[in-house]
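Enquirer: Submitted below is the structure of interest, expressed as structure tokens.
The values are calculated or read from the model by the stated rules, or taken from the named source; none is laboratory data. All of these numbers come straight from a predicted model, not from anything done at the bench. Note that each Cβ is placed from the backbone with ideal geometry, even for glycine, and that neighbours are counted across all protein chains shown.
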Amino acid sequence: MPDDHPSRPDRAALWLGVLLRRFPELARELAPSRTTSPSPTGRSPRSEAALPIRLFVSDTIRDITDGVIELDEAVHEKLRLPRPGRARVEERLLRLLGLLDRIAGHPLLAAHVTDEARRMAERCAVALGEPDVLVRVRGRCEFCGSVSLRVFTRAETVLCVNPACRCSDPSCPCRTDSRHRHTWVRADWERRADPAGTGEEGTR
């Protein structure tokens, strides 16, 4: 019998951590290749084909930068902390990670931080050409009992894809948001699940 609901601070930490690791890779994607020889006209043979991709990466960097700044400022305002100073995206993400214990005391704020971090991490992955893969896993959801568990292999997140899944926590968004899905940090889920029933079955 489960004794708690999915931990929002853990989910927020997961997605903020993914974003912290992957965001610097976007800048490297924009760096010119050192292995491509220039054409006689002085233009890289692949420059025209690569332009739309580079623009998308550039737009993604701008979107994530703006999103992290707004999230950092919103968290400080909600927690009644001084307005955060100027900082690089990575420094702001570390600052948010350091505030997760305090954020946990505000369920709506915690849900917002988790959702925004997940959105930005997923956009980062798409821009890098490496969207995550959902893999079916054995076992049943601890809330709805359905065999509807999937794992994001890159983000190491287990989720229940059953839209009817509901937990007992009255403040959980599953009661009011039909798009909400219960998620677990994969390592935590595997510790709580039956080891004989946690293997991956295939993509879905």
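Enquirer: Just give me the residues in region 75-88 being over 20 Å from residue 11 (Cβ atoms) and either more than 21 Å from the chain's Cα centre (by Cα) or surrounded by 14 or more Cβ atoms within 10 Å (Cβ to Cβ) (or both), in sequence order.
Expert: Filtering region 75-88 for residues over 20 Å from residue 11 (Cβ atoms) gives 76-77, 80-88.
Selection gives 76, 77, 80, 81, 82, 83, 84, 85, 86, 87.
Enquirer: Also, I was wondering about something else. From the list 72, 66, 115, 101, exactly one residue is outside the structural domain of residue 160 (by TED's automatic domain parsing) and either under 14 Å from the mean Cα position of the chain (by Cα) or aromatic (Phe, Trp, Tyr) (or both). Which is it? Don't jump to the end; show me each part of the working.
Expert: Values: 72 fails: either under 14 Å from the mean Cα position of the chain (by Cα) or aromatic (Phe, Trp, Tyr) (or both); 66 fails: either under 14 Å from the mean Cα position of the chain (by Cα) or aromatic (Phe, Trp, Tyr) (or both); 101 fails: either under 14 Å from the mean Cα position of the chain (by Cα) or aromatic (Phe, Trp, Tyr) (or both).
Result: 115 is the single residue among 72, 66, 115, 101 that is outside the structural domain of residue 160 (by TED's automatic domain parsing) and either under 14 Å from the mean Cα position of the chain (by Cα) or aromatic (Phe, Trp, Tyr) (or both).
Enquirer: In region 182-201, which residues are modelled with pLDDT of 50 or more, crowded, with 17+ Cβ neighbours inside 10 Å and in a loop (DSSP other than H, G, I, E, B)?
Expert: 182, 193
Enquirer: Oh, and also: Take region 148-178 and flag every residue that is exposed (fewer than 14 other Cβ atoms within 10 Å of the Cβ) and not in a helix (DSSP H, G or I). I'd like the intermediate steps shown before the answer.
Expert: Step one: of region 148-178, the residues exposed (fewer than 14 other Cβ atoms within 10 Å of the Cβ) are 163-164, 166, 168, 170-171, 175-178.
Correct list: 163, 164, 166, 168, 170, 171, 176, 177, 178.
Enquirer: Could I ask something else about it? Residue 140 passes all but one of (1) crowded, with 19+ Cβ neighbours inside 10 Å; (2) in a loop (DSSP other than H, G, I, E, B); (3) in contact with a Ser or Thr (Cβ under 8 Å, 6 or more places away or on another chain); which number fails?
Expert: (1)
Enquirer: On to the next question. On the given criteria, is residue 93 in contact with a strand residue (DSSP E or B) (Cβ under 6 Å, 6 or more places away or on another chain) and either surrounded by 14 or more Cβ atoms within 10 Å (Cβ to Cβ) or within 20 Å of residue 186 (Cβ to Cβ) (or both)?
Expert: On the way: in contact with a strand residue (DSSP E or B) (Cβ under 6 Å, 6 or more places away or on another chain): no; either surrounded by 14 or more Cβ atoms within 10 Å (Cβ to Cβ) or within 20 Å of residue 186 (Cβ to Cβ) (or both): yes.
Here the answer is no, as residue 93 does not meet what is asked.
Enquirer: A follow-up question, please. Residue 118: in a helix (DSSP H, G or I) and among the basic types (Lys, Arg), yes or no? Can you show your working first?
Expert: Details: in a helix (DSSP H, G or I): yes; among the basic types (Lys, Arg): yes.
Spelling it out, residue 118 is indeed in a helix (DSSP H, G or I) and among the basic types (Lys, Arg).
Enquirer: Further, regarding this structure: In the list 55, 109, which residue meets the criterion of being more than 22 Å from residue 14 (Cβ to Cβ) and assigned to a helix (DSSP H, G or I)?
Expert: After applying the criteria, what remains is 55.
Enquirer: If you don't mind, there's one more thing I want to ask. Quick check on this structure: which one of 124, 144 is in the same structural domain as residue 181 (by TED's automatic domain parsing) and either at pLDDT 90 or above or under 16 Å from residue 17 (Cβ atoms) (or both)? Walk me through how you get there before you give the answer.
Expert: On the way: 124 fails: in the same structural domain as residue 181 (by TED's automatic domain parsing).
Criteria check complete, one pass: 144.
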